[in-house]
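The values are calculated or read from the model by the stated rules, or taken from the named source; none is laboratory data. Being a predicted model, the structure only gives us computed values, none of them experimental. Here the Cβ positions follow ideal geometry from the backbone for every residue, glycine too, while neighbour counts run over all protein chains shown.
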Amino acid sequence: MLVRLLALLLVLAVPASAATRLNVAIGADVNVVEVHKTLLGPGFKALAPDVDLNVVGTGTGEPASRAIYTKLKAQADTGRKDWDIDVALVSMAVASQMVKEGLLLAYVPQMKNAALVKGAEVKEAFGVKVDGYVVPMFQNQIAIAYNPAKVPTPPKSFDDLAAWAKANPGKFGYNGIKGGVSGVGFTMGWVYWKTGLYTQLTQGPFDKAREGAIRTAVTALRDFNRDAFITNGNAGTLDALNRGEIWMGAVWIDQLVAWKNEGRMDPSITPALIAPGLPIYPLYLVVPREAANREAAVRYIDYIATPEVQAKAIVERFGWYPGVDAERVLPLISPKAKELLFKGVSASDLARFSRQMPIKEYHDLITLAYEEIVR
Amino acid sequence: MFLWPLAASVAASFTRDGALTLANYETVRRLYAVDVAYTVGVAAAGTALTFAVAIPACGWLRARAFGPVEFLLKVPLFVPFVVVGHALRVFMSPYVPGFSSSWGGIAVALAWKHLGLAVLLLLGAFRSVDESYLEAARNFGAGTGRVTRDVLVPMAASSLAVSGILIFSSMLASFSIPLMMGRGGGPQMLMIDVYYRFGQHGDFATASALGVVAYLLAMGAALVYVRRLTAGRHA
């Protein structure tokens, strides 16, 4: 009896300390942090009761991912074992840098859903081979949002857009390159269009001789900007659209959908994807090389990559494009969610006009040219 | 505690890929010289505007102590920078579209935020001026404006200069207000550039060089501050 009582006391006392504490660092906005805290975390906990999630947000935009990189780099530089971040959600730019510097674990082959992790963006990012190191939690597309009451015929291409902006000065807005990645992505789309060098800029190898064509394209963007309204960020562009200050703007589709779902945005504002295309920018789930709980970390990411979870949490709930094989996820979402997701931007538009970011050398060359020429 | 991080960032500004170099400063000169001038200009305009409001207000309060007005003028002390940026952007946009994101809009917001500090420092200085000087001036028929201009300001000149320098330095280093109110294009305040180099490019080296330029600008003001203090002790 005494032995049984002792055993019971031990069982009651031990779980808290025996449970694996999975530290999840989210380099994204609070809504993404909330998904992990309120939806993905509890869902995973039901399958893996031995794992407790500790979800921490590090902010928004590139600096949020940069903060995670800085922490991991410091732990690597000091030779620490068992790094204290198990799963991180980081931007494409930071993930590629971390792969390059050997800070990440090639965990994807260990996943049950490894076959669903496909697409050009999981093979290479900014010219770095990231294959095996990353799983996109979701995809985010930059698009041109417009007010149908003011723009009855939305542009279908950059040519149309440039002509419209010239005819309607101050009514097209985007956030330049210092206001966030949607503005950077618009700039890259502009350069792809003007130079016709999409394949070379995204697949390399880097050739300095292309600088002339890039600078010519950026000079044309400077002239375009004279008729454009430069906002202070993606939210600023949406805000200006909502207030009618501008009639068209380059935005992240997910934030447009989220604002509409929350009733903060004129529901008539519609996104369009123009030819020859604008960048899609995934946020990657990664596992640090020396994460203390690597096995549980892989299990958690595997759970997020499950088609059912992607359909319910990523697509239906938040209006993001699925991070893993869309052909497996989209049949699982409701017709209403599908209509919301593809309103304005169809699946075929995405297939034709989603563009990758350029390799790092060209990315830096384009942003430098922008700073020098456009300002 | 203070010198170590300062020295580390100065060292980083002269280093790129492990080698000593001036390349980071060359990048600052090439890309951000206009922004340095813009930052100094906005900070100077903001400081001037702060005192254009604070001096007459403090002169008036020196003549007739009125608690509610004094309290209202000190309210900005307790409002966070981000809130000021957002509130003034929302307030200005419907009436003067485009102004809030201009240099003028940022200078007005910085002045609004620093008004509390200016009133705190100036009112103390004005109140330390002996009442007999003010009575003498009034006996010769001087009104509140004249007393402020010809008696209070000259007699509190040292405090005025010190507060001006403190406020100017604070405006040079402002980040939240320009971030909330500014635009993604055109000249930027220096701290926005530091954030951009670090946040978007992970370029600590150029960010550090920009930081050193900001130190130097603030140090110019600080030197005047120290000289004033020293002069005050010798006097």
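Out of A:Gln310, A:Gln356, report the one residue that is within 30 Å of B:Tyr32 (Cα to Cα) and either in the same structural domain as A:Arg21 (by TED's automatic domain parsing) or of a type outside the set (D, E, K, R) (or both).
Numbers: A:Gln310 fails: within 30 Å of B:Tyr32 (Cα to Cα).
Going through A:Gln310, A:Gln356 in turn, the sole match is A:Gln356.
Considering every residue within segment B:88-98, establish whether at least one is touching a residue at least 24 places away in the same chain (Cβ under 8 Å) and surrounded by fewer than 18 Cβ atoms within 10 Å (Cβ to Cβ).
The answer is no; no qualifying residue exists.
Which of the residues spanning segment A:275-295 are outside any strand (DSSP E or B) and crowded, with 22+ Cβ neighbours inside 10 Å? Outline the logic, then answer.
The initial filter retains those residues of segment A:275-295 that are outside any strand (DSSP E or B), namely A:276-277, A:281-282, A:287, A:289-290, A:292-295.
Matches in segment A:275-295: A:Gly277, A:Tyr281, A:Pro282, A:Val287.
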Inset, instruction - Looking only at segment A:352-360, decide whether some residue is more than 14 Å from chain B (Cβ to nearest Cβ) and part of a helix (DSSP H, G or I). - result: yes
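I'm checking my understanding of the structure. Among residues of segment A:202-213 that are part of a helix (DSSP H, G or I) and within 25 Å of the chain's Cα centre (by Cα), which one is modelled with the highest pLDDT?
Restricting attention to segment A:202-213, the residues satisfying the condition of being part of a helix (DSSP H, G or I) are A:202-203, A:208-213.
Next cut, within 25 Å of the chain's Cα centre (by Cα) only: A:202-203.
Values: A:Thr202: 90, A:Gln203: 85.
That would be A:Thr202.
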Inset, instruction - Looking only at segment A:326-340, decide whether some residue is closer than 26 Å to A:Tyr69 by Cβ and outside any helix (DSSP H, G or I). - result: no
Inset, instruction - For segment A:260-274, enumerate the residues that are buried (at least 20 other Cβ atoms within 10 Å of the Cβ) and out of contact with any Asp or Glu (no Cβ under 9 Å at 6 or more places or on another chain). - result: A:Ile269, A:Pro271
Inset, instruction - Take segment A:66-90 and flag every residue that is in contact with a Leu (Cβ under 8 Å, 6 or more places away or on another chain) and either within 14 Å of chain B (Cβ to nearest Cβ) or hydrophobic (A, V, I, L, M, F, W, C) (or both). - result: A:Tyr69, A:Leu72, A:Lys73, A:Ala76, A:Trp83, A:Ile85, A:Val87, A:Ala88, A:Leu89, A:Val90
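For (1) free of Cβ contacts under 8 Å to residues at least 40 places away in the same chain; (2) more than 22 Å from A:Leu332 (Cα to Cα); (3) part of a loop (DSSP other than H, G, I, E, B); (4) of a type in the set (Val, Ile, Thr), each residue gets a yes or a no:
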| site | (1), (2), (3), (4) |
| --- | --- |
| A:Asn242 | yes, yes, no, no |
| A:Gly249 | no, yes, no, no |
| A:Lys260 | yes, yes, no, no |
| A:Val298 | no, yes, no, yes |
| A:Tyr303 | no, no, no, no |
Inset, instruction - Select from segment A:49-66 the residues that are crowded, with 17+ Cβ neighbours inside 10 Å and among the aliphatic types (A, V, I, L, M) and write down the one among them that is nearest to B:Asp203 (Cα to Cα). - result: A:Ala64
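Okay, residues lined up against (1) within 13 Å of chain B (Cβ to nearest Cβ); (2) within 23 Å of A:Ile269 (Cα to Cα); (3) aromatic (Phe, Trp, Tyr); (4) part of a helix (DSSP H, G or I):
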site: A:Gly176; (1), (2), (3), (4): yes, yes, no, no
site: A:Gly179; (1), (2), (3), (4): yes, yes, no, no
site: A:Phe186; (1), (2), (3), (4): yes, yes, yes, yes
site: A:Tyr192; (1), (2), (3), (4): no, no, yes, yes
site: A:Gln200; (1), (2), (3), (4): no, no, no, yes
site: A:Ala217; (1), (2), (3), (4): no, no, no, yes
site: A:Ala220; (1), (2), (3), (4): no, no, no, yes
site: A:Glu245; (1), (2), (3), (4): yes, yes, no, no
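Take the residues in segment A:67-88 that are touching a Phe, Trp or Tyr at 6+ places or on another chain (Cβ under 7 Å) and crowded, with 21+ Cβ neighbours inside 10 Å; name whichever of them is nearest to B:Gly199 (Cα to Cα).
Going through segment A:67-88, the residues touching a Phe, Trp or Tyr at 6+ places or on another chain (Cβ under 7 Å) turn out to be A:72, A:75, A:87.
Add one more test, that the residue is crowded, with 21+ Cβ neighbours inside 10 Å, and what stays is A:72, A:87.
Details: A:Leu72: 16, A:Val87: 21 Å.
Restricting to residues being touching a Phe, Trp or Tyr at 6+ places or on another chain (Cβ under 7 Å) and crowded, with 21+ Cβ neighbours inside 10 Å, the top hit is A:Leu72.
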Inset, instruction - Report yes if some residue within segment A:311-334 is free of Cβ contacts under 8 Å to residues at least 24 places away in the same chain and buried (at least 22 other Cβ atoms within 10 Å of the Cβ); otherwise report no. - result: yes
